[in-house]
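S.K.: Okay, here's the structure, questions in a sec.
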Amino acid sequence: MSRRVFASGIAAVMIGEEALAQPQRFRPGAPWSTARPNARLPLTLTFRTPEGETTLEELLRGRPAIINLWATWCGPCVAEKPALNRLARQEAARGDRIAILSVLAYDPAVARPDQLQNAYRRFSAPALRPLLASQTTEQAFVRYFGSGAQSNRTALPSSTLIDSTGRDLGRIVGAAVLGAAARPYWTDPRAEQMIDQLLSHPM
């Protein structure tokens, strides 16, 4: 064996070992689509709550998050609310390892705190903190998802998975369902597996 071939073989082994030592990039899997490189939600985004205004940074508290955008007039949004509510309950029982944020799209008809609270109660989502996006925040989501820009609206429902800095890890545009039978994803074991995978590969 020549010295050059031997050296090449050693280098290949070292590269292989180095690759194995590198943490694998988190990939959420179906029904999530691939993250958009360098896409990030600003932690300064603001949301209205029944208690007052808050920011994305305050909601995350250093955690990754699933952010679901919905509207009261959106049939698929309302249909997936109970499943998302159940996921929020499960995560609360496990110590709120990840923030589950369901954000009501900007709606001038939901102006008072009691109207915002009632919107979540009416659609079987008592475990989800009532959050209303401001117009500025919704416009940020339009740019982030890259859809609905013609009507200045995001496609609803939409969900995104972000790390604690707001970086995009994956997204779902449309209802979060699995297979031809359209089974709810949020109550499928794969949703919990995705969260476990995310937490085992901190970014």
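The values are calculated or read from the model by the stated rules, or taken from the named source; none is laboratory data. Given the structure is predicted, the values throughout are model-derived calculations rather than measurements. Here the Cβ positions follow ideal geometry from the backbone for every residue, glycine too, while neighbour counts run over all protein chains shown.
S.K.: Taking the criterion of being within 16 Å of the chain's Cα centre (by Cα), in a loop (DSSP other than H, G, I, E, B) and of a type outside the set (D, E, K, R), would at least one residue in region 189-199 satisfy it?
M.R.: No: zero hits.
S.K.: Taking residue 15 as meeting all but one of (1) more than 15 Å from residue 159 (Cβ to Cβ); (2) at pLDDT below 90; (3) surrounded by 12 or more Cβ atoms within 10 Å (Cβ to Cβ); (4) not polar (S, T, N, Q), write down the number of the exception.
M.R.: (3) is the only condition that residue 15 fails.
S.K.: A follow-up question, please. If we scan region 66-83, do we find a residue that is out of contact with any strand residue (DSSP E or B) (no Cβ under 9 Å at 6 or more places or on another chain), at pLDDT below 95, farther than 21 Å from residue 168 by Cβ and not in a loop (DSSP other than H, G, I, E, B)? Before the answer, list the steps.
M.R.: Narrowing region 66-83 to residues out of contact with any strand residue (DSSP E or B) (no Cβ under 9 Å at 6 or more places or on another chain): 73-75.
If we keep only those that are at pLDDT below 95 too, we end up with 73-75.
Narrowing the set further to residues that are farther than 21 Å from residue 168 by Cβ leaves 73-75.
Pick out the ones that are also not in a loop (DSSP other than H, G, I, E, B) and you get 75.
Yes; the residues of region 66-83 include at least one that is out of contact with any strand residue (DSSP E or B) (no Cβ under 9 Å at 6 or more places or on another chain), at pLDDT below 95, farther than 21 Å from residue 168 by Cβ and not in a loop (DSSP other than H, G, I, E, B).
S.K.: Any residue at all in region 91-111 that is over 20 Å from residue 162 (Cα atoms), in a helix (DSSP H, G or I) and touching a residue at least 40 places away in the same chain (Cβ under 8 Å)?
M.R.: For region 91-111, residues over 20 Å from residue 162 (Cα atoms), in a helix (DSSP H, G or I) and touching a residue at least 40 places away in the same chain (Cβ under 8 Å): absent.
S.K.: Follow-up. Specify which of the listed residues (54, 44) is in a loop (DSSP other than H, G, I, E, B), hydroxyl-bearing (Ser, Thr, Tyr) and under 15 Å from residue 133 (Cβ atoms).
M.R.: Values: 54 fails: in a loop (DSSP other than H, G, I, E, B).
None of the others qualify; the one that does is 44.
S.K.: Pairs please, first residue from region 35-57 and within 23 Å of residue 117 (Cβ to Cβ) and touching a residue at least 24 places away in the same chain (Cβ under 8 Å), second anywhere and of a type in the set (Gly, Ala, Ser) and part of a strand (DSSP E or B), Cβ atoms under 9 Å, 6+ apart in sequence or on different chains.
M.R.: 45/133; 46/133; 47/133; 48/133; 56/65
S.K.: Does any residue in region 178-203 that is within 18 Å of residue 62 (Cβ to Cβ) come within less than 8 Å, Cβ to Cβ, of a residue that is outside any strand (DSSP E or B) and of a type in the set (Phe, Trp, Tyr) six or more places away or on a different chain, and which pairs are these?
M.R.: If the second residue must be outside any strand (DSSP E or B) and of a type in the set (Phe, Trp, Tyr), the pairs left are 198/26; 201/26; 203/26.
S.K.: Inside region 96-144, can you point out the residues that are touching a strand residue (DSSP E or B) at 6+ places or on another chain (Cβ under 8 Å) and among the polar types (S, T, N, Q)?
M.R.: Once the filter is applied, which keeps residues that are touching a strand residue (DSSP E or B) at 6+ places or on another chain (Cβ under 8 Å) and among the polar types (S, T, N, Q), region 96-144 yields 102, 134, 136, 137.
S.K.: For region 142-172: of the residues being among the hydrophobic types (A, V, I, L, M, F, W, C) and at pLDDT 90 or above, which is farthest from residue 198 (Cα to Cα)?
M.R.: 172
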